[in-house]
Amino acid sequence: MTGDALTAPVLRLTDLRKSYGALRVTDGVSLAIGPRELHAIIGPNGAGKTTLVHQISGLAASDSGRIEFYGEDITALPMDARARAGLVRSFQIVSILPGFSALENVALAVQARSGSSFRFTGDAAAEPALNDVAMTLLARFGLASRAGFTAGLLSHGEKRQLELAIAMAAAPKLLLLDEPLAGTSHEESSRVIATLKELKREVPIILVEHDMEAVFALADRVSVLVYGRIIASGTPDEVRRDPEVRSAYLGDEAAEAMT
Amino acid sequence: MNEIADRNLAVAPRPRASRLRQAALPVAIFAVLALMPAAAHFGASGYILALMTRTMIYGLAAMSLDLLIGCGAMISFGHAAFLGIGAYAVGILSSHGIDDVFIQLGAALAVAALFALATGAISLRTHGVYFIMITLAFGQMLYFLFTSLAAYGGDDGLSLSRSHVFGLPVLRSDLTLYYVAFAALLGVYLACRAIVASRFGRVLRGIKDNPVRMQAIGFAPYRYQLTAYVVAGMICAVAGVLLANASEFVSPAYVGWQRSGDLIFVVVLGGLGTLHGAILGAAAFTLLAEFLSGLTEYWGMIFGPILVVVVLFARGGLASLLRGTR
Ligand SMILES: Nc1ncnc2c1ncn2[C@@H]1O[C@H](COP(=O)(O)OP(=O)(O)O)[C@@H](O)[C@H]1O
Ligand SMILES: [Mg+2]
């Protein structure tokens, strides 16, 4: 491996834009994510965080700008192609296969990257090569005892963990997590935070999050998005001290809580 | 109440006993169909045999539609087009003296595959109501094409004699045709079961459950859905070949939107996504229509409400009704 591969950004956004009608939701975002980085994106409701995640993952097309992933221009690729390349995301509103068992949810993500899925015979649900990997991941995310359960009937916290297990099963080279703590109870969220601490050692992560405590505990760098623009970017300390951030977004109360 | 029942189901990973119970109904259905001719022997055999042959053929067509609707979330309102392609392959070829069933079947499958590929490639770029409308439009397109084929009977359709097998007119026997239809139905059922359980089928079912999630793990729904669309079209064309032989007649009515609607109905009636439900639905549909039309000229006025009641109160269709719980 060259020295370059150790420091070159895994993801580079250049002047990304998107409007819904007259509303400029993403207004010239440029960002580079390093290979060992957990980069948090924070910002008030409606700032355009989810839209940015949609653009990066390919769920929403960008009006202009450029997205490079490990040096490749992926701006024109659809979401499934980006996922196969290792750009894997989660959703602010949990997205799983509700009618499948927890095990099959994860096994399908393993299947997506192990051989052709244009096979018309053989029982996919009984393929040990897929199920073994899936089972290991379920166990890792504390869901071993839920393997046979219908995913749609798991608790909200369990669904969050399942979504992370699915994402990891897809062999991510960059994880894109949109508010993985949204709607979780206090215990559930500390469980997810602990999981994220582990994951950040294995894979670079973009974490969109509302929970300040979590962000400042986890992030190597933080970018603040307001009205579709990044108004500050840096280490948690730098961002915390940034006067523009304080006035524009954090407010006195939040700023106090952070110090 | 349902919620609670579902939860219990979820808590216990499926036990073996329920798997056996799941197999019981399809086995019973095919056993009844296999023994049917023997029982019919004591009654009005010819009439019942013909009725049951038609039921199995519609069951076959409906089963292929179940692969689309029940497994792949593709509500095609033009599926009868493939029934027509199969039937006209027999009609047109036999009018030119080509009686061999394998040539007819080969032509039916090839044309069905091409038609499915071309229309599916366009239809699958749309979703929801638009998909329903565009498949309907393609079906009607074929309907008007067949009505304009003056050389092959146009509006009135075309009489034909049954296909030959290796030069022999073995399908002349109603009993043989019955068992050929039975074998086709059983073969297709087993093949569809295999497909549904396979890697491909699991992707298809996943796309039905949550297409965005499937894309997010790397599956492009379009390729899988188009493949399923072609496979289902080809299976339905087999039903068309059998239908032409059973009725010794083809007409544009086979392709009409009413027929496509009937097929959707049969699938829903039988139980979406179950495959064998399509046979139950077809049986209920043809037998009820036959029985009611024997009672009164205005049988449609009784038939319609019965269908509405079944759809409203038997969620999961006849398949789940007969299995007890769901
Ligand atoms: N599909 C859409 N059509 C129109 N407006 C949208 C759409 N998606 C998001 N928006 C608008 O874009 C803005 C940013 O939304 P979003 O990206 O969800 O913000 P965040 O995730 O930061 O809360 C909001 O004002 C929202 O109403
Ligand atoms: Mg959001």
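The values are calculated or read from the model by the stated rules, or taken from the named source; none is laboratory data. These numbers come from a predicted model, not from an experiment. Here the Cβ is made from the backbone with ideal geometry for all residues, glycine too, and neighbour counts use every protein chain on show. For accessibility, only protein heavy atoms count, side chains too; no ligands or nucleic acids. Shrake-Rupley method; radii C 1.70, N 1.55, O 1.52, S 1.80 Å.
For A:Ser116, are the conditions met, namely being more than 9 Å from chain B (Cβ to nearest Cβ), of a type in the set (Gly, Ala, Ser), out of contact with any strand residue (DSSP E or B) (no Cβ under 8 Å at 6 or more places or on another chain) and open to solvent by 40 Å² or more (accessible area, probe 1.4 Å)?
In short, no.
For residues that are open to solvent by 20 Å² or more (accessible area, probe 1.4 Å) and outside any helix (DSSP H, G or I), tally how many sit in segment B:205-248.
Number of matching residues: 2.
Could you list, in sequence order, all residues of segment B:108-140 that are among the aromatic types (Phe, Trp, Tyr) and without any contact (Cβ under 8 Å) to a residue 60 or more places away in the chain? Step through it out loud before you land on a result.
First, the residues of segment B:108-140 that are among the aromatic types (Phe, Trp, Tyr): B:115, B:130-131, B:138.
Within segment B:108-140, B:Tyr130, B:Phe131 qualify.
Assess whether A:Phe69 counts as being among the aromatic types (Phe, Trp, Tyr), at the interface with chain B (Cβ under 7 Å from one of its Cβ atoms) and farther than 13 Å from A:Asp178 by Cα.
no
If you scan segment A:42-67, which residues turn out to be open to solvent by 40 Å² or more (accessible area, probe 1.4 Å) and under 18 Å from A:Ala8 (Cβ atoms)?
A:Arg66
What's the total number of residues in segment A:97-111 that are facing chain B (nearest Cβ under 8 Å) and open to solvent by less than 10 Å² (accessible area, probe 1.4 Å)?
Matching residues across segment A:97-111 total 4.
Here is a list of conditions, (1) without any contact (Cβ under 8 Å) to a residue 60 or more places away in the chain; (2) farther than 27 Å from A:Ala109 by Cα, and A:Thr75 meets all of them except one; can you say which number that is?
(2)
Given the criterion touching a residue at least 24 places away in the same chain (Cβ under 8 Å) and open to solvent by 40 Å² or more (accessible area, probe 1.4 Å), identify the matching residue among B:Val308, B:Val268.
B:Val268
Go through segment B:209-224 and give me each residue that's more than 7 Å from chain A (Cβ to nearest Cβ) and in contact with a helix residue (DSSP H, G or I) (Cβ under 6 Å, 6 or more places away or on another chain).
Residues satisfying the conditions are B:Pro211, B:Met214, B:Pro221, B:Tyr224.
Restricting attention to segment A:72-93, which residues are within 16 Å of the chain's Cα centre (by Cα) and either surrounded by 22 or more Cβ atoms within 10 Å (Cβ to Cβ) or facing chain B (nearest Cβ under 10 Å) (or both)?
Those that are within 16 Å of the chain's Cα centre (by Cα) and either surrounded by 22 or more Cβ atoms within 10 Å (Cβ to Cβ) or facing chain B (nearest Cβ under 10 Å) (or both): A:Met79, A:Asp80, A:Arg82, A:Ala83, A:Arg84, A:Ala85, A:Gly86, A:Leu87, A:Val88, A:Arg89, A:Ser90, A:Phe91.
Okay, residues lined up against (1) open to solvent by less than 40 Å² (accessible area, probe 1.4 Å); (2) under 18 Å from the mean Cα position of the chain (by Cα); (3) within 17 Å of B:Gly72 (Cβ to Cβ):
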{"position": "B:Val90", "(1), (2), (3)": "yes, no, no"}
{"position": "B:Phe102", "(1), (2), (3)": "no, no, no"}
{"position": "B:Ala110", "(1), (2), (3)": "no, no, no"}
{"position": "B:Arg125", "(1), (2), (3)": "no, no, yes"}
{"position": "B:Phe146", "(1), (2), (3)": "yes, no, no"}
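Restricted to segment A:152-203, and to residues that are on the phi > 0 side of the Ramachandran plot and within 16 Å of ligand 1 (Cβ to nearest atom), which residue is farthest from the other protein chains (Cβ to nearest Cβ)?
Only one residue fits best here, namely A:Gly183.
If a residue must be near ligand 2 (Cβ under 10 Å from one of its atoms), aliphatic (A, V, I, L, M) and within 14 Å of another protein chain (Cβ to nearest Cβ), how many such residues does segment A:42-66 contain?
Residues flagged as near ligand 2 (Cβ under 10 Å from one of its atoms), aliphatic (A, V, I, L, M) and within 14 Å of another protein chain (Cβ to nearest Cβ) within segment A:42-66 amount to 1.
Counting only residues that are near ligand 1 (Cβ under 8 Å from one of its atoms) and over 20 Å from A:Gln92 (Cα atoms), which one in segment A:11-57 is farthest from the chain's Cα centre (by Cα)?
Applying the filter and picking the extreme gives A:Gly21.
Name the residues in segment B:175-204 that are out of contact with any Ser or Thr (no Cβ under 9 Å at 6 or more places or on another chain), open to solvent by less than 20 Å² (accessible area, probe 1.4 Å) and within 14 Å of chain A (Cβ to nearest Cβ), would you?
Hit for segment B:175-204 is B:Gly201, nothing else.
Pairs only if they're at least six apart or on different chains, beta carbon under 6 angstrom, first in segment A:45-57 and touching a residue at least 12 places away in the same chain (Cβ under 8 Å), second near ligand 1 (Cβ under 6 Å from one of its atoms); list them, first residue then second.
Between residues of segment A:45-57 that are touching a residue at least 12 places away in the same chain (Cβ under 8 Å) and residues that are near ligand 1 (Cβ under 6 Å from one of its atoms), the close pairs are A:Gly48/A:Val25; A:Lys49/A:Gly43; A:Thr51/A:Val25.
How many residues are surrounded by 20 or more Cβ atoms within 10 Å (Cβ to Cβ), under 14 Å from the mean Cα position of the chain (by Cα), within 15 Å of ligand 2 (Cβ to nearest atom) and assigned to a loop (DSSP other than H, G, I, E, B) when one looks only at segment A:198-228?
1
Count, please, the residues in segment B:311-320 that happen to be open to solvent by 30 Å² or more (accessible area, probe 1.4 Å) and within 20 Å of the chain's Cα centre (by Cα).
Of the residues in that region, 4 qualify.
If you take the residues of segment A:23-36 that are surrounded by 19 or more Cβ atoms within 10 Å (Cβ to Cβ) and more than 16 Å from ligand 2 (Cβ to nearest atom), which of them is farthest from the other protein chains (Cβ to nearest Cβ)? Before you say what the answer is, go through the steps one by one.
Start the filter on segment A:23-36 by keeping residues that are surrounded by 19 or more Cβ atoms within 10 Å (Cβ to Cβ), which leaves A:25-26, A:29, A:31, A:33.
The next check asks that each one be more than 16 Å from ligand 2 (Cβ to nearest atom); those that pass are A:31, A:33.
On the way: A:Leu31: 21, A:Ile33: 19 Å.
Applying the filter and picking the extreme gives A:Leu31.
Just give me the residues in segment B:274-309 being assigned to a loop (DSSP other than H, G, I, E, B) and under 18 Å from the mean Cα position of the chain (by Cα), in sequence order.
B:Thr274, B:Leu275
Take segment A:126-151 and flag every residue that is within 11 Å of chain B (Cβ to nearest Cβ) and crowded, with 17+ Cβ neighbours inside 10 Å.
Of segment A:126-151, the ones within 11 Å of chain B (Cβ to nearest Cβ) are A:126-127, A:130, A:145-151.
Matches in segment A:126-151: A:Glu127, A:Leu130, A:Arg146, A:Ala147, A:Phe149, A:Thr150, A:Ala151.
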